[in-house]
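Some notes on the structure that comes next.
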């Protein structure tokens, strides 16, 4: 059998996309399908959706802001289930790219090696993280984060695996106190001896003492402060490049990051 998942998407603005997915196969194979159970990211209000619409190739229509591994459980005649997986693709239109990502794109791609970063953030910073993720990917970086966790894999195990695959770990913090989830992920990065870039998301006109948001040994890291409304991707990619040459960012007694 040659079942596979196909998809399309439409950017509607404000870091949000409408998208759909369906099953592609020969007509004879599609005629054997009884229903398809689509398994979405756990953050969806209804993460399991069932489609029995053969005329639409068992299409699902929804919307969201993040990418993840989409799963389809195809139930065929004879009670056989075929499990398919597909990395959801959501892209900004060309004219939606930030100026910062355009400045950095050629430099990062021309290195011949795609850098991988793990992006750590709390739920309240999810929309900022989505925008930053897209900009970093457009700048030539491979970005891993919680949206890439596959269905059925324990969260802690998945996070540890993604951190191990990463060249650098970025931690986003917008509150005076760091989320325990972000703290745990940065501590895991420290144990794995990964370069860490703490990024403080500040509001123009309100400047916090960024280093104090990171407690314990993490408090000795230098911190890059960016505008929460429009993070400077160029500054972040420059800082990542600096960390590649000097990964031991713990030698500093806190303060602001100077690339």
### Task
Measure off 7 Å from each Cα along the Cα-to-Cβ vector at residue 123 and residue 20, then give the distance between these two points in nanometres to one decimal.
3.1
### Query
Let a ≥ b ≥ c be the square roots of the eigenvalues of the Cα gyration tensor of region 15-98; is it rounded (a/c under 1.5), or, if not, prolate (a/b larger than b/c) or oblate?
prolate
### Task
Considering the convex hull of the alpha carbon atoms of region 154-198, report its projected area averaged over all viewing directions, in nm², one decimal.
3.0
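Here, each number is a calculation from the coordinates, and none is a lab measurement. For clarity, every value in this text was computed on a predicted model and none was experimentally measured. Ideal geometry is used to build each Cβ from the backbone, glycine not excepted, and the neighbour counts take in all protein chains shown.
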